[in-house]
Structure formats: C-alpha cells, structure tokens
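Have a look at the structure below, then the notes.
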Amino acid sequence: VRAGRICFALLILVAPLRAPSRRATATVPLEMALQQVLDQRADALRRGDRAAFLSSVDEPFAVTEAARFDSARSAGFSDYSLRLRWDLAGDLSTAALRARFAPAPAVVGQVEVRLRFDGYETKLALTTDFLTFVERDGAWKVTSDIDLDGIGLLSSRELWDLGPVSRLESPDALVLSHPDGLPRAKDVQAGIESALARERAGLDIPWRGKVVVVLPSSSAELGRLLQSTVDLTTFVAFAYWGVDRAAPDGYAITEARIILNADTFFSLSPSVREDILTHELVHVATREKAGPGMSSWLDEGLADFVATGRGTASAFSDGQIPEDWRFGAGGADAVRDAYGRSRSFVAFLAARQPGVVAYYSTLGAMVAVPGSRERLQDDAARRVFGVPLAELRAQWARSS
Ligand SMILES: [Zn+2]
C-alpha cells in the first residue's frame, strides 16, 4: 500500500474549556498576578533575557525550561505572547495536585500562546498550554505543564519544545528542523519552491504566498507535536491550523503551517513529494477563505485537483460525496475512494462558471450564519451556481 495519497488536514480546534471556578469571587487579584507572571515570561523570551525568564520558574522545572528557552530562541519567532484564559476555564487543578504542593497554594490555568514567524506569517498562530503555578515566598512561579496530561488536557508541543531548531530560509519558505534534519530540510526547501509555483499556476486565490514548514526528526516526534492518538506511520504530510474563538465574531482561522512525516515523506519519489507539498500548500493558501461551513470533500478535493489534476476517476454514478471521517479511517482503499470522489466532484464544479474557487470563497464567507454545514453548502451552491448542491451532485452522477 502506497502511503503517498493518504493525507488529511488536521483541524486543531482550540475550543474553550468550561469548568466552574471554585473561587469565583476572590480570583481577580490571583488572575492578575498569574497574568503578570506570563507577561514577564513572554517579555523575557522576546528580549532573550534568560535569567529573567528563569526567574518565573519554580526550581525543579528550571532545567527543562532553560533548554526550552534556548531552543525557542533558536527558532526565531516573533510577537510571542501568553494569555491566561481564567475567564473560560478558571482553576483546573485537582485535589491530588493541590495536596502535592500543600501548604503552598497551587493552581492550573489554561494559557493561550500566540506567535508568528516574521517575514513568512502575517497572522498569529495559536496553541494552548496548561500551566501549573505554585506560590513561593509570595511570588507565583510556573512549575509544570504536564499535570493535566492524565485527563487528556495536554499542553501543546512545538518543535522547539523538543530540542534545538535550525532555520532554513528562502524568500517564500521557512523550513524548521532539528540540526540533524538539516540535509532533509534542504530537500524539502527545493520541493516547496517548485510546489509553490504549481500552486500559483493552478489556483486562482489571493494569499501571501509564503509558508512555514515543520520537519520533525521522526514519526514519534510528529505524533507528539500533533497530539495524535492515531497511527501516523501511513500519513505523509499535514496542513494544520487553529480556530481562534476569541475573535470578534467567534471564529477566526489562525496561521496555517505544513508539517511532514519524515519517515514516510522521504520514502517517496521527488515527484510524488512535490505533489504532496502542492496539495498541502493549497490547504494553506485557502485558509484565509475557509470558514465553518467547509467539509473535507471540498478542501481535499480542491487540494488534490490542483496538485494532480482531475485524475482518471470518472464521476461516481451514485452521486455520493464522502463525510469527513472517511478521509482518515476505514483503510487505504476507502480513504483513496474518498479522495477520488472529492477530486472528481471538485473537477466537475471547476468546469462550471463561475468556478470552484468562487464556490469555496462564498461558502467560506458564511460565518455566524445559522444552519448545518450541509445547509450552508447548499445555500452557497444556489448563490454561486444557481442550483442546489443536490442538483449538482445529480448532474455529476449522470456525467459518469
Ligand atoms: Zn489534504
């Protein structure tokens, strides 16, 4: 089974967690004190002040944090900020955790981490951490970010959390790897430049045209970065992004990046690698136009259509388009069927005026509109093509 065509966009949903605050009336000063610690940490990291950064850390955590500080500096990101979401989650500590630190007070807060890579990204990427704070001599210190792992609330891990980072820069692409991955990063950089040219030629959609690619050293490392619970050994590449629920209308897609599974990616021929990079670039390029009404059939179909053309698959006479879960489950044949159907239907839409990109953009702009995704997709079809989506599917099926 060739792994090459199996890849899907991973939506990391940064959904607000809601838990009752046990000390709702007395928490305002505490919340402010914790935010102050976070602001000092972020400021120290931005300035490269290692001592100031480590002064926010409780002693046993300092060795880990010192290494992370150095790696984060080597990654060279900018606009780094930390925001405590006490309003969403309150104190997430458990009785066992508080007993561990007693008599010192300890709390766990949900923290949003925002940053971007200057020159390559305009919007901020967003991840979530769960930080344990303990009060020592009247000052709050960060003491852990793994205390809620056991209940499935994992702090995000970025490449720089797992070791030093090498930056390989070209005008349109920044490839981040560990130093041992630098030779492979050079191959990726060459491939991504060709893929960018193919994306530009095949997709008429405005975007900034620059991308950050993350190259972990192993599948195991990839699994930790994606917080994945599925077997990643058959997956090659992912485009990934977050959804910022703190945006004014409650939905904004954050900066998208590409992450590669080095173990599978480099087992493929250079031309297949370029197809895959083109496919992922379409996901990145379309993020600005995407919205809550998108389904995988449209995202994956468009990415495959641009990367590899309309393909040999003719229309499917049953007119069925796959549900999202079919792109990641059910075995290689089923996954291939999902991609084949989607690409074929997108090719059908692309041949109709005003084209599939017009449909994609109209659907993506439907934010804060009531109704299911199917309803939004149907409304967009009526608006763009003048007929319901079911009618388009029927026409597609008859064209088989
Ligand atoms: Zn994809």
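Side notes on the structure shown:
- Degrees, to the nearest 10: 62-75 long Cα axis against longest axis of the chain: 40
- The chain - percent of accessible surface contributed by carbon and sulfur, probe 1.4 Å: 53
- Net charge contributed by nearby residues that have their C-beta within less than 12 Å of Leu232 (K/R +1, D/E -1): -2
- When DSSP beta bridges are restricted to pairs lying wholly in the chain, around 70% turn out antiparallel.
- Under the Karplus curve 6.51 cos²θ - 1.76 cosθ + 1.60, θ = phi - 60°, whole-Hz ³J(HN,Hα) for segment 377-384, x wherever Gly or Pro sits: 5, 5, 4, 5, 5, 4, 5, 8
- Both radii come from the Cα set of segment 361-400: Rg as radius of gyration, Rh as Kirkwood radius; their ratio Rg/Rh reads 1.04.
- The calculated FRET efficiency for the pair Ala52 and Ser269, based on their C-beta separation and a Förster distance of 45 Å, comes to about 0.35.
- With Cα atoms as the point set, the radius of gyration and Dmax of segment 56-115 evaluate to 14.4, 39 Å.
- Principal-axis tilt of helix 389-398 within the chain, Cα atoms, nearest 10 degrees: 50
- Amide H contacts of Arg136: Lys141, each under 5 Å away and 5 or more positions distant or on a separate chain (H built 1.01 Å from N in the peptide plane; Pro and chain starts excluded).
- ³J(HN,Hα) computed for each position of segment 273-283 - Karplus, 6.51 cos²θ - 1.76 cosθ + 1.60, integer Hz, glycine/proline x: 4, 5, 4, 5, 5, 4, 3, 5, 4, 5, 4
- For segment 336-400, relative contact order (Cα pairs under 8 Å, six or more residues apart, normalised by length) works out to 28 percent.
- Sites Ser372 and Ser170, calculated FRET efficiency, Cβ-Cβ separation with R0 35 Å, nearest 0.05: 0.25
- For the chain, the relative contact order works out to 15 percent when only alpha carbon pairs closer than 8 Å and six or more residues apart are counted.
- If R0 is 35 Å, the Cβ-Cβ spacing of Trp325 and Asp249 corresponds to a FRET efficiency of close to 0.80.
- Around the Cα centre of the chain, unit charges on the Cβ atoms of Lys, Arg, Asp and Glu (plus for the first two, minus for the last two) sum to a dipole of about 640 debye.
- Remark on segment 270-356: ratio of C-alpha radius of gyration to 2.2 N^0.38 Å is 1.05.
- Proximal charge balance of Leu159 [Cβ under 12 Å; K/R count +1, D/E count -1]: +2
- Shape call, segment 149-290: gyration tensor on alpha carbons, a/c limit 1.5: oblate
- The peptide list 208-218, 352-362, put in order of mean Cβ contacts within 10 Å with the highest first, becomes 208-218, 352-362.
- Net charge of Cβ neighbours under 12 Å - reference Ala381; Lys, Arg +1; Asp, Glu -1: +1
- Segment 75-191: relative contact order as a whole-number percent, Cα under 8 Å and 6+ apart: 19
- Taking the Cα atoms of the chain, the ratio Rg/Rh between the radius of gyration and the Kirkwood radius comes to 1.00.
- Scaled against the 2.2 N^0.38 Å expected of a compact globular protein of N residues, the Cα radius of gyration of segment 34-154 reads 1.07.
- For the pair segment 217-263 and segment 127-143, the centres of their Cα atoms are 27 angstrom apart.
- Acute angle (nearest 10 degrees) that the helix 332-350 long axis makes with the longest principal axis of the chain, alpha-carbon atoms: 70
- Overall dimensions of segment 257-311 by Cα: Rg and Dmax, Å: 12.1, 35
- Within the straight-line cut-off of under 21 Å between alpha carbons, the lysines reachable from Lys123 are Lys210, Lys289, sequence neighbours fewer than 8 places apart in one chain being disregarded.
The values are calculated or read from the model by the stated rules, or taken from the named source; none is laboratory data. All values derive from a computational prediction rather than experimental measurement. Because the Cβ atoms are built from the backbone with ideal geometry, glycine has one as well, and the counts that use them run over all protein chains shown. Remember, those area values only see protein heavy atoms, side chains included, never the ligands or the DNA or RNA. Shrake-Rupley method; radii C 1.70, N 1.55, O 1.52, S 1.80 Å.
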